[in-house]
Amino acid sequence: GEMMPGAVSPLTRSITARGIDVGLQSMMIACGVQKNIKDETLFIGSFFNHLFLNLTTLSVITTAVAGSTTERLGRALCGRTIPEVDPGPEQSKIRQAFNGVRYGFYLMGADKAHTKLTEELHKVNLPGSGSAAEMFTWLETEIERLYHIYTLHLQSSAASGAFTPALLETLSKGEIPTEDHHAQVAGWIRVEHDVESADIAGGMATMVKLLQSDEKLLGELQKRDDTEVVAWLESDDSGELGTLWREYIQRHGHRVVRELELYQKEWAADPTPLLAALRQQGKAKAVTKPQAEPQALEAATGAIGWLVKKTQASVQVREKTKSQLALMTTHLKKGFRELGKRLVAEGKLEEAELIFFLGHDEVRALMRGQTQDWDTITRSRRKALEYQSTLRFTEVFTGAAEPWTPDALISGGEGWLRGKPVSRGYVEGPARVVTSLTEALEVEAGEILIAPVTDVGWTPCFGVIAGVATEVGSAVSHGAVVAREYGLPGVVNVQGATHVFKTGEMVVLDADRGLLYRKGVEPPE
């Protein structure tokens with residue numbers, strides 16, 4: 001729901017999904033649950049070209065590793081327990097203890113994994129000119145590197161997913177954590193600096209502030225089309241704004257919404273979403289965000305204090321390695337775009353982008369000269385993806401996924417919904433209900449963003465919103481991390497929020513109690 005939301009292209013399904021699966025299999029090997037990497041996909045399912053995590057196969061770790069439970073697994077991945085999960089019979093206590101030690105070493109290796117990941121990225125040498133065959137040879141090597149980087153990223157991420165549920169359990173003394181417990185943990189694990197994804201919002205906010213203070217500068221942006229604007233921003237004529245833009249693209253140009261989708265162009269290749277955000281937010285009147293009353297936090301000491309520091313550090317590492325994973329994925333995006341162009345030049349495809357509608361094995365077959373009507377196959381898949389991208393699914397299901405409709409909504413009450421607090425605070429304001437990045441780019445200052453999920457591509461909006469509520473997420477979700485960094489009230493797991501609320505209506509986001517409700521409605525205590 002967060003790592004790879006929405007329908008994916010066939011190339012992404014065969015490469016990105018395999019990368020995630022290899023990373024999870026490697027974790028199982030490190031913990032003593034599995035002996036080797038298997039060719040079949042164990043943890044990732046695909047329905048209607050949407051990717052899903054198989055919690056049942058993943059939960060086997062809870063039967064084999066001491067300290068791992070299905071409750072912790074659910075809270076780490078979904079922000080709540082998942083009662084439908086049945087991990088099967090437990091292994092012996094001796095085996096669990098032994099594997100628990102191995103799992104501990106795995107978690108403590110997050111920093112080392114980050115170092116190795118950085119070293120792997122430095123080994124990438126992008127090819128220059130050459131034939132389709134030469135480009136494909138390069139891609140085959142780098143796809144294997146991508147799988148290794150997935151393994152390293154998931155190891156660096158595992159700590160942030162493991163420490164937060166541990167904090168909740170320690171604070172709640174083993175009982176089911178309350179909203180107060182979630183809010184307390186959210187306050188503790190807020191990171192004040194060095195969170196890469198927060199810099200994405202910060203850099204955008206700096207440019208927006210400059211535009212809001214200079215009507216002439218904003219006019220230069222508004223009167224040009226996207227191609228002209230990019231050329232202007234790349235020139236010295238754009239002054240301070242151009243300098244800020246070039247620095248921003250240098251730091252974050254490899255990011256984008258759904259950045260692990262190979263078909264999705266990164267901001268450096270297609271800055272249209274960023275330009276739309278600048279135009280929209282730049283013309284808005286600058287407002288001072290309401291400052292929430294600071295919440296008194298009980299000091300985190302002893303074992304809890306140690307866990308808090310480890311969680312904060314693991315969140316910082318996770319955000320950095322996610323950016324590095326996106327950079328490696330961008331290298332492959334560029335490689336496949338170039339391969340597509342060469343295949344067009346050699347008469348093997350009619351359009352370069354059709355390469356993304358072949359699976360990895362099919363690309364191999366095409367390169368070997370296997371004869372099929374590749375153009376018809378890929379065009380039909382491209383058309384199908386347009387329809388599949390409109391589908392939504394329940395967060396958790398058993399068996400095969402079926403498209404979800406608003407009729408299946410179970411509301412928490414009339415005009416109010418409850419979720420899990422991930423960033424403390426209280427705010428009132430107009431709702432901005434969005435289900436796509438295009439809608440998110442229309443957000444205005446002081447609005448409360450209500451969305452199914454947010455990923456890094458939505459971050460430019462965080463500089464102007466007053467709060468955020470998502471239907472999916474956990475305490476270490478991207479949106480939660482950025483909300484805490486910006487001091488924005490944030491609630492996740494507000495299921496059905498995009499159907500209960502409408503853009504423009506006044507709502508209250510009480511992130512201390514995990515509530516989102518229409519102003520004037522009295523929610524339960």
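Please treat every number below as a calculation from the coordinates, not as lab data. Treat the numbers as computed from the prediction; the structure is a model and nothing was measured. Every residue, glycine among them, receives a Cβ derived from its backbone with ideal geometry; neighbour counts consider all protein chains shown.
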Result row for the chain, helices from DSSP H with C-alpha axial extent 27 Å or more and mean Kyte hydropathy at least 0.0, is 10-30, 132-171
I'd like the GluC sites (Glu not before Pro) in the range 149-194 restricted to DSSP loop residues with at most 14 other Cβ atoms within 10 Å, sorted by number. GLU175, GLU192
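Which GluC sites (Glu not before Pro) in the range 414-508 pass both tests, a DSSP loop state and at most 13 other beta-carbon atoms within 10 Å?
Numbers: sites: GLU414, GLU428, GLU439, GLU442, GLU444, GLU447, GLU471, GLU485, GLU505; in loops: GLU414, GLU442, GLU444, GLU447, GLU471, GLU505.
Counting only loop positions with at most 13 other Cβ atoms within 10 Å, the GluC sites (Glu not before Pro) in the range 414-508 are GLU414, GLU505.
Please list, by residue number, every one of the GluC sites (Glu not before Pro) in the range 59-139 that is coil in DSSP and has at most 12 other beta-carbon atoms within 10 Å. Numbers along the way, then the final one.
Numbers: sites: GLU71, GLU84, GLU90, GLU119, GLU120, GLU134; in loops: GLU84, GLU90.
Within the range 59-139, the qualifying GluC sites (Glu not before Pro) (loop, at most 12 other Cβ atoms within 10 Å) are GLU84, GLU90.
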Which one, (i) 139; (ii) 206; (iii) 158, gives volume of the Cα convex hull per residue in Å³ as derived from the coordinates shown? (iii)
Could you check the simple spin-label distance between ARG364 and VAL191, using points 7 Å along Cα→Cβ, in nm with one decimal? 3.7
Give the lysines reachable from LYS519 as a straight Cα distance under 19 Å; neighbours fewer than 8 places away on the same chain don't count. LYS289, LYS502
Mind ordering 349-362, 37-50 by average Cβ neighbours within 10 Å, highest first? 349-362, 37-50
